[in-house]
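Inspection log for the structure reproduced underneath, given as structure tokens.
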Amino acid sequence: MWIASNDRGRAYNGGKLGEGCLERLAEAIEQALGADAVRLIDVLWLDRNKAHVAAAFEVEHSTSIYSGIVRMLDLALGTVAHALEGMFLVAPNGREEEVRAQLARPAFSRVADLQVRYLPYGELECHRESIARFGTGMKAIQAISRVLV
């Protein structure tokens, strides 16, 4: 698991948000075009050998949805270590229409090919314990998220 380089030191649960997570991304990701932006993606779920990104999560609580989409595009289009199983915009329940409006812009026409999904806070909150107890892989996350385009 990778936590955004600018968020790693944030306090969380008596420790730091980035504790126990990777300190460095795989060389293929580090050297790719757009790597500076990819390092700022909130959470990257890497496959077991850490060479490929299995999923990317951009948490857009109050920040611009636009910037999260751009970082995901940099990951998907700028690296060979692209997101294999999913790209997720995680946001409060009330921001779904804002997310959809951003993705409808002509500048983001390629996003439809990436199958970016919306993951509302409410779904995570409701299913968090079940996912933690029984979940492995991306199946549970994909089941509670919504296709955007």
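Since every read-out is calculated from the coordinates, none of them should be taken as a lab result. The shown structure was predicted, so the numbers you read here are calculated from the model rather than taken from an experiment. Please note: Cβ atoms are built from the backbone with ideal geometry, for glycine as well, and neighbour counts cover all protein chains shown.
Compute the FRET efficiency between Ala54 and Ala101 as 1/(1 + (r/R0)^6), taking r as their Cβ-Cβ distance and R0 = 35 Å, and round to the nearest 0.05.
0.80
How much FRET efficiency would the formula 1/(1 + (r/R0)^6) give for Ser64 and Arg10, where r is the Cβ-Cβ distance and R0 is 22 Å, rounded to 0.05?
0.70
How long is the gain from Ala37 to Ser109 if the chain were fully straight, where each residue apart is worth 0.36 nm and the alpha carbon distance is subtracted?
Length difference between fully extended and current span is 24.0 nm.
Per-residue HN-Hα couplings for the stretch 101-113, Karplus 6.51 cos²θ - 1.76 cosθ + 1.60 at θ = phi - 60°, whole Hz, x for Gly and Pro?
Running phi through 6.51 cos²θ - 1.76 cosθ + 1.60 with θ = phi - 60° gives 5, 5, 6, 7, 5, x, 4, 10, 4, 6, 4, 4, 5 Hz.
How large is ³J(HN,Hα) for each residue in the stretch 114-124, as worked out from phi by the Karplus curve 6.51 cos²θ - 1.76 cosθ + 1.60 (θ = phi - 60°), to whole Hz, x for Gly and Pro?
Calculated HN-Hα couplings, in order: 8, 6, 5, 10, 9, 10, x, 3, x, 5, 4 Hz.
Using modelled backbone amide H atoms (1.01 Å from N, in-plane), which distant-in-sequence or interchain residues come within less than 5 Å of Leu46's amide H?
Excluding prolines and chain starts, which carry no amide H, the hits are Trp2, Ala54.
To the nearest 500 deg cm²/dmol, what mean residue ellipticity at 222 nm is calculated for the chain from DSSP H runs of n ≥ 4 alone, each contributing -39,500 (n - 2.57), summed and divided by the residues?
For the chain, the value works out to -9500 deg cm²/dmol.
Would you pull out the residues with amide H under 5 Å of Val90's amide H, same chain only if 5 or more places away, H placed 1.01 Å from N?
Amide H to amide H, under 5 Å and 5 or more residues apart or across chains, Val90 pairs with Glu58, Val59, Glu60, Leu119.
Give the separation of the Cα centroids, the stretch 23-81 to the stretch 101-124, in Å.
15
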